[in-house]
Amino acid sequence: MWLITTALAAIITTAIWYAKAPEDKYKLGLLSLFFWGATLMWLVDHVMAYVTEGGEFFEINLDAALLGVAVIVLALFVWEIVLLVSDPKGALRKALRG
Amino acid sequence: MACFLVPMGEAIVTTVVQKVVENRERKIGGERVNNATLSRRLSWLNKMLWGGTALLALEHVWHGEVVPWPPFLTAMKNPAEIGPMLHEMATIGVAMAIAVTVVWGVMVLISERKAGAAMPKVKESPASRGV
């Protein structure tokens with residue numbers, strides 16, 4: 001399930017990044033590459049587990065769905081930290097100055 | 001169990017390489033390979049590797065395979081589980097790292113082709129002839 005949610009997040013962020021490209025003020029390129037990296041790694045993991053162990057390709061239950069949400073929350077959290085540290089709009093700098 | 005440690009190892013190496021390349025580019029005045037610098041292209045690989053590593057680490061914590069106290073990997077507590085863990089790292093972990101690197105290679109190839117295709121148009125354009 002987390003593979004599906006991460007792949008979906010990767011597709012959506014890439015589409016938004018492309019709509020705004022070549023400008024990438026809010027670092028959507030970074031977020032989409034984060035999601036694509038995880039999607040690729042989980043795809044390999046799922047394929048190899050399916051080939052060697054068999055069973056269901058996608059684990060669909062509440063725990064897997066919650067993990068899918070947690071994964072997206074973590075990626076968004078890291079992206080926001082990067083965004084606040086780099087502060088491309090200068091909004092944080094202005095807010096701190098008062 | 002600990003498959004994400006292999007892409008993490010690769011990410012550490014490629015991050016160091018990117019920093020070295022970046023410094024070299026700064027010294028020689030930002031040498032460009034077509035349209036993007038080599039360090040910028042390496043940053044794509046780093047972002048995919050670090051992003052994947054972070055999200056996979058969360059999955060491992062979620063499943064109780066990684067804990068915040070030593071030895072950090074629960075498989076390390078039981079000697080019988082160390083062998084399968086290393087086997088998983090050698091198979092799935094290496095395959096993950098290869099997959100991400102291959103996709104990055106394809107991205108670089110496409111960007112080079114696109115940049116290469118744009119170059120003749122610039123040369124042939126009348127604006128570039130005069131002035």
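A short reminder: the numbers here are calculations on the coordinates, not readings from a lab. What you are looking at is a predicted structure, and each value in this text was computed from that prediction instead of being measured. Here the Cβ positions follow ideal geometry from the backbone for every residue, glycine too, while neighbour counts run over all protein chains shown.
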Fill in: B:VAL16-A:ILE4 pseudo-label distance in nm [points 7 Å out on the Cα-to-Cβ vector]
4.2
Discussion item. Highest mean first, how do A:14-26, A:64-76 rank when packing is the count of other Cβ atoms within 10 Å averaged over residues?
Written reply: A:64-76, A:14-26
Item to complete: Taking the Cα centre of the protein assembly as shown as origin, sum charge times position over the Cβ atoms of Lys and Arg (+1) and Asp and Glu (-1), and report the length of that vector in debye to the nearest 20.
Response: 1760
Discussion item. Helix B:5-27 against the longest principal axis of chain B: what's the angle in degrees, Cα atoms only, rounded to the nearest 10?
Written reply: 30
Practice prompt. Per DSSP H run of n ≥ 4, the term is -39500 (n - 2.57); total these for chain A, divide by its residue number, and report the mean residue ellipticity at 222 nm rounded to 500 deg cm²/dmol.
Written response: -27000 deg cm²/dmol
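Rounded to the nearest 20 Debye, what is the dipole magnitude of chain A about its Cα centre when Lys and Arg each give +1 and Asp and Glu each give -1 at the C-beta? Provide the component values of the computation, followed by the final result.
Values: 7 positive and 9 negative charges, 184 e Å.
Here chain A has a charge dipole of around 880 debye.
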Worksheet item: Helix A:28-53 sits at what angle to the longest principal axis of chain A, using alpha carbons and giving 0 to 90 degrees rounded to 10?
Response: 10
Worksheet item: For the residue pair B:LYS114 and A:LYS94, what label-to-label distance in nm results when each label sits 7 Å from Cα along the Cα-to-beta-carbon direction?
Response: 3.2
Discussion item. Just to be sure I understand the model, the point goes 7 Å from the Cα along the line to the Cβ. What's the resulting B:VAL61 to A:VAL73 distance in nm?
Written reply: 1.1
Worksheet, complete the sentence: Treating only Lys and Arg (+1) and Asp and Glu (-1) as charged, each at its beta carbon, one finds that the range B:5-119 has a dipole about its Cα centre, in Debye to the nearest 20, of 660
Worksheet item: Which of B:GLY51, B:GLY105, B:GLY83 moves the most in a Gaussian network model of chain B with Cα springs under 10 Å?
Response: B:GLY83
Practice prompt. Return a single number: how many Lys pairs in chain B, at a sequence separation of 8 or more or on separate chains, have alpha-carbon atoms below 22 angstrom apart.
Written response: 4
